[in-house]
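The values are calculated or read from the model by the stated rules, or taken from the named source; none is laboratory data. Fair warning: this is a prediction, and the values are worked out from it, not measured in the lab. A quick note on method: Cβ atoms are made from the backbone with ideal geometry, for glycine too, and the neighbour counts reach across all protein chains shown.
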Amino acid sequence: MRRSLVIAAGFALCLGLAALLLSPRPGVPVAANPAGAVAAPLAAVPPAAPAVRPIADAAPATPPAAAPPAAAPDLPTIEVKPRPVHTVPDDTPPPRPVTLQDGDPLAGMPQAVARSVPPPAPRQTPAIVIVGAAHADNSVSLTVRGRIVPLFGVRAPKRGDRCAAVPGPSPRACAEVARDALATRLHADANVSCRVPPGQRGGGGAAVCLDSTGVDLAGFLVGAGFVLADPAQSYDYVGAETIARSFRRGLWRYR
């Protein structure tokens, strides 16, 4: 009997504690149960944050007004005084007029001025040109319109020099071969044009002669090795002689 009382007292105590725990508290919402039972108190919900306004609705910020630039200080003014100009007096007397005395244009001029005047250039003698039909006179000369015209810048081969018009076993005297080569060259057209260069030693009348095709006859003979170049008169044919010697043409084949 005593044991039953103790159990009933403990059970009543448990019910009281449960009722105390399940009773609603002020300020705490209670969730309703569909069956009508009292549910446990809900946890406290924090208040909602205020809505954030979109950036597009926000008013544009006005930039701060720029400060006006500081005024630059005025440059200093420097006064430049004009420089004095000193004129150089010209005490040189004017030149005296030049007059002709006895046909001398330098007469009456001061001696210093007369020395500074260059002498007149010598007059150049025009070259003599001979044009006409020609024929071979010898190895180094032509006869043009009845006048013997030596070829300028060349000299005849020596008496012992032997030549051949074509390579062969029977060479002849170079003077004869050179004359025959000139005659053959002028056989088709005998017209030549000869120019006598001025200033030759001893007043010689040697001339540079071209045939109707424009070939220099002296250069033709030297290049074939039939005659020799004469550096005492001209160096124009020294190159042709060097080539003839290198290829052993004409007299260079037998020297």
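Report the residue count in the range 109-144 for those that are at pLDDT below 90, touching a strand residue (DSSP E or B) at 6+ places or on another chain (Cβ under 6 Å) and either outside any strand (DSSP E or B) or not β-branched (Val, Ile, Thr) (or both).
The number of residues fulfilling the criteria is 1.
Condition first: crowded, with 16+ Cβ neighbours inside 10 Å and farther than 25 Å from residue 131 by Cα. Can you find one or more residues in the range 232-243 that meet it?
Among the residues of the range 232-243, at least one is crowded, with 16+ Cβ neighbours inside 10 Å and farther than 25 Å from residue 131 by Cα, which makes the answer yes.
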